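The values are calculated or read from the model by the stated rules, or taken from the named source; none is laboratory data. Everything numeric in this text was worked out from a predicted model, so none of it was measured. Don't worry about glycine lacking a Cβ; one is built from the backbone with ideal geometry, like all the others, and counts go over all protein chains shown.
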């Protein structure tokens with residue numbers, strides 16, 4: 001029977017050094033109630049303001065071109 005070399009042991013993960021580890025990784029997994037990312041209220045408000053302002057600006061430009069073309 002031919003001799004075979006033993007297979008290498010599976011590589012174990014290298015632990016991150018404290019300078020590269022993120023604080024959330026050191027704290028462990030988040031509780032189940034916080035796992036789903038929620039859209040922050042401030043971002044939703046900012047999105048609404050940008051959308052409304054962008055539409056108002058577009059309407060103003062449309063009005064300028066409509067009146068200027070006459």
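Cβ separations smaller than 9 Å between residues 6+ apart or across chains give the following pairs from the stretch 38-67 residues that are on the phi < 0 side of the Ramachandran plot to residues that are surrounded by 10 or more Cβ atoms within 10 Å (Cβ to Cβ): 39/47. Scan the stretch 35-53 and tell me whether some residue there is surrounded by 10 or more Cβ atoms within 10 Å (Cβ to Cβ), at pLDDT below 90 and in a loop (DSSP other than H, G, I, E, B). No: zero hits.
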